[in-house]
Amino acid sequence: MSAGKTLCASLLRSFPDDMAFAFSYGSAVFQQTGYNQKANKMIDFVFAVDNPCKWHQQNFEKNKKHYSFLKYLGAQRIARIQDDFGAGIYYNTLVKMDGQLMKYGVVSTKTLQDDLLQWKTLYLSGRLHKPVMILKHKPSRLLQHALLSNLEGAVRVALLLLPERFNEEQLYTTIAGLSYLGDFRMIVGEDRNKVSNIVKPNLRHFHELYSPILTSMDNIEWNTENSHIEQDKSPKQTLSLMFKLPKNLQTTIVRNTSTRNEEIGRASCRERV
């Protein structure tokens, strides 16, 4: 076990054990170009739990000081806020444990699974397009299926965006960038090379994550010796990829296409007049 994983596992023991899935992520866990890992000590965690209210109540007993003033509302209200707002995840930030600065998000297992399968918000599913350090994974066929479906969806979207010929690094850069598309931070305040800075130092981790999917696909030819990939860009194959996209993305594509067709139709009518 690496020193980083040993540290994360040690921190995990300070929390209620009733987690279905737990992982850490970010520059403190995986190297990023331009980041000094020793200087950036914040470690980010996500804990997926089957019963958020029960878990928060247990965490109150262990770590009540981690919570903001919301702790006075009680575990049930915090669980409700967690489910009803944003991406369905509740964060405790700037927590210091055993001299280590960290933040952790708590999400219901169902919310995590829904986002992985349907890309409802792309918040957690997008994070899990990239390598993470898995610390706990309770056996669950549904969760395992959702995790795999999320990765397969990322590959399919990347293939639709990429040309006929490309290489592994281009594939992983496209995948890692999916969750940043339309993110205002990438225009103002965020390093525009952020995606490349994530991918380049972690090509091995991306390869380990996606190689089982790539080898199972019959619409690509992958030369593992030089990392070059060639895909079938025929209309039939493109349509096949689109039909297999996550539900929320399919709905968005259909809605945007319908809106665009309506605009073209109105413009055409104005020209005739």
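Determine whether residue 45 is over 26 Å from residue 247 (Cβ atoms) and open to solvent by less than 50 Å² (accessible area, probe 1.4 Å).
Judged against the criteria, residue 45 is a match.
List every residue pair whose Cβ atoms lie under 9 Å apart, where the two residues are 6 or more positions apart in sequence or sit on different chains, the first residue falls within the stretch 13-27 and is part of a strand (DSSP E or B), and the second residue, located anywhere, is among the basic types (Lys, Arg) and open to solvent by 20 Å² or more (accessible area, probe 1.4 Å).
Within 9 Å, the pairs are 21/136; 21/138; 22/136; 23/127; 23/136; 24/5; 25/127; 25/130.
Pairs under 9 Å by beta carbon, first residue basic (Lys, Arg) in the stretch 223-240, partner outside any loop (DSSP other than H, G, I, E, B), six or more apart or different chains?
Qualifying pairs under 9 Å: 233/159.
Within the stretch 196-273, which helices (runs of 4 or more DSSP H) (wholly inside it) include 2 or more residues that are within 29 Å of residue 26 (Cα to Cα) and at pLDDT below 95?
Filter on the stretch 196-273 gives 247-272.
So that you can scan it fast, the table gives a plain yes or no per residue for (1) at pLDDT below 95; (2) within 30 Å of residue 202 (Cβ to Cβ):
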position	(1), (2)
7	yes, yes
14	no, yes
45	no, yes
54	no, no
99	yes, yes
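Can you tell me which residue is nearest to residue 14 (Cα to Cα) among those in the stretch 60-82 that are buried (at least 16 other Cβ atoms within 10 Å of the Cβ) and out of contact with any helix residue (DSSP H, G or I) (no Cβ under 7 Å at 6 or more places or on another chain)?
Of everything passing the filter in the stretch 60-82, 63 is nearest to residue 14 (Cα to Cα).
Is there a residue being open to solvent by less than 20 Å² (accessible area, probe 1.4 Å), over 29 Å from residue 240 (Cα atoms) and assigned to a strand (DSSP E or B) anywhere in the stretch 116-137?
No, the stretch 116-137 contains no residue that is open to solvent by less than 20 Å² (accessible area, probe 1.4 Å), over 29 Å from residue 240 (Cα atoms) and assigned to a strand (DSSP E or B).
Please find, within the stretch 29-53, the residue that is nearest to residue 105 (Cα to Cα) out of those that are free of Cβ contacts under 8 Å to residues at least 60 places away in the same chain and out of contact with any helix residue (DSSP H, G or I) (no Cβ under 8 Å at 6 or more places or on another chain).
For the stretch 29-53, the residue satisfying everything is 51.
Residue 96 versus (1) on the phi > 0 side of the Ramachandran plot; (2) free of Cβ contacts under 8 Å to residues at least 12 places away in the same chain: which is the lone unmet condition?
The failed condition is (1).
One residue is enough: does the stretch 111-132 have a residue meeting the conditions closer than 20 Å to residue 179 by Cβ, more than 12 Å from the chain's Cα centre (by Cα) and hydrophobic (A, V, I, L, M, F, W, C)?
No: the stretch 111-132 contains no residue that is closer than 20 Å to residue 179 by Cβ, more than 12 Å from the chain's Cα centre (by Cα) and hydrophobic (A, V, I, L, M, F, W, C).
The values are calculated or read from the model by the stated rules, or taken from the named source; none is laboratory data. This structure is a prediction, so every number in the text was calculated from the model and none was measured. Cβ sites come from the backbone with ideal geometry, for glycine too, and all protein chains shown count toward neighbours. All accessible areas refer to the heavy atoms of the entire protein, side chains included, with ligands and DNA or RNA removed. Shrake-Rupley method; radii C 1.70, N 1.55, O 1.52, S 1.80 Å.
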